[in-house]
2 protein chains.
Amino acid sequence: MIAIIATLRAKPDKGEEFERLFTQLAAQVRANESGNVIYQLSRSRTEPNTYKVLEIYRDEAALEAHRASEHFRSAGPGLGGVLDGRPEIEMLDAIG
Amino acid sequence: MIAIIATLRAKPDKGEEFERLFTQLAAQVRANESGNVIYQLSRSRTEPNTYKVLEIYRDEAALEAHRASEHFRSAGPGLGGVLDGRPEIEMLDAIG
């Protein structure tokens with residue numbers, strides 16, 4: 001399995017809108033991607049406007065299916081408008 | 001829900017032993033903690049001997065039950081012997 005920790009920063013006044021848009025995306029990921037194990041948005045308790053997405057995929061093919069999915073691609077522009085810079089993506093190998 | 005990203009560093013020659021001990025703990029968490037959603041060990045692809053645990057708990061009580069559990073407490077000494085310093089714990093609030 002593949003684990004990903006994505007760090008996203010919302011523009012200062014766009015946190016609520018970001019959360020709304022991302023929560024919609026997460027619901028579509030859970031409904032449409034059988035290879036996804038977890039796709040959980042979370043908000044930092046220490047850094048303002050900072051979010052981390054905990055993601056786990058069964059394998060490389062599941063991750064590629066995620067990235068190629070209609071719902072992920074179509075969410076890009078909306079999210080891009082409320083994010084402060086590009087997401088940081090940390091790739092990890094799940095164990096056990 | 002509460003999300004946690006725990007960063008753990010194994011001593012240089014203790015990675016395999018750490019993975020074995022932690023995988024045992026994770027199996028017990030999954031078997032015994034109804035309030036735990038995810039307890040996934042993962043290995044960094046960029047930093048040697050560095051691991052991140054993706055954890056999600058239904059609520060504060062589930063997290064407290066985890067910390068007070070026999071399996072978590074009894075795993076402490078063994079893990080402590082193969083870790084290079086204390087784990088870094090990042091607490092986050094899960095959204096959606």
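Rule-based calculations on the coordinates, nothing more; no lab input. Note that the coordinates shown come from a computational prediction; the quantities given were computed from them, not determined experimentally. Here the Cβ is made from the backbone with ideal geometry for all residues, glycine too, and neighbour counts use every protein chain on show.
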Shortest-first nm distances, B:D13 label point to equivalent points in other copies (7 Å, Cα→Cβ): 6.0
Proximal lysines relative to A:K14, as straight alpha-carbon distance under 23 Å, when same-chain residues fewer than 8 apart are discounted: A:K52
Cα-centre dipole for the range A:2-93 with unit charges at Cβ (Lys and Arg positive, Asp and Glu negative), debye to 20: 260 debye
Local net charge near B:S44, Cβ-Cβ under 12 Å (Lys/Arg +1, Asp/Glu -1): +1
Distance from the range A:20-96 to the range B:61-96 (C-alpha centre basis), Å: 25 Å
Inter-site label distance for A:M91 and A:R30 at 7 Å from Cα along Cβ, in nm: 2.7 nm
Among B:A62, B:A75, B:A31: highest mean-square fluctuation, GNM of chain B, C-alpha pairs under 10 Å: B:A31
log10 of Debye I(q)/I(0), alpha-carbon scatterers only, for the protein assembly as shown at 0.10, 0.12, 0.15, 0.18 Å⁻¹: -0.42, -0.61, -0.93, -1.28
Net charge of Cβ neighbours under 10 Å - reference B:G78; Lys, Arg +1; Asp, Glu -1: 0
Gyration tensor over alpha-carbon atoms, chain A, equivalent ellipsoid semi-axes in Å: 22, 16, 11
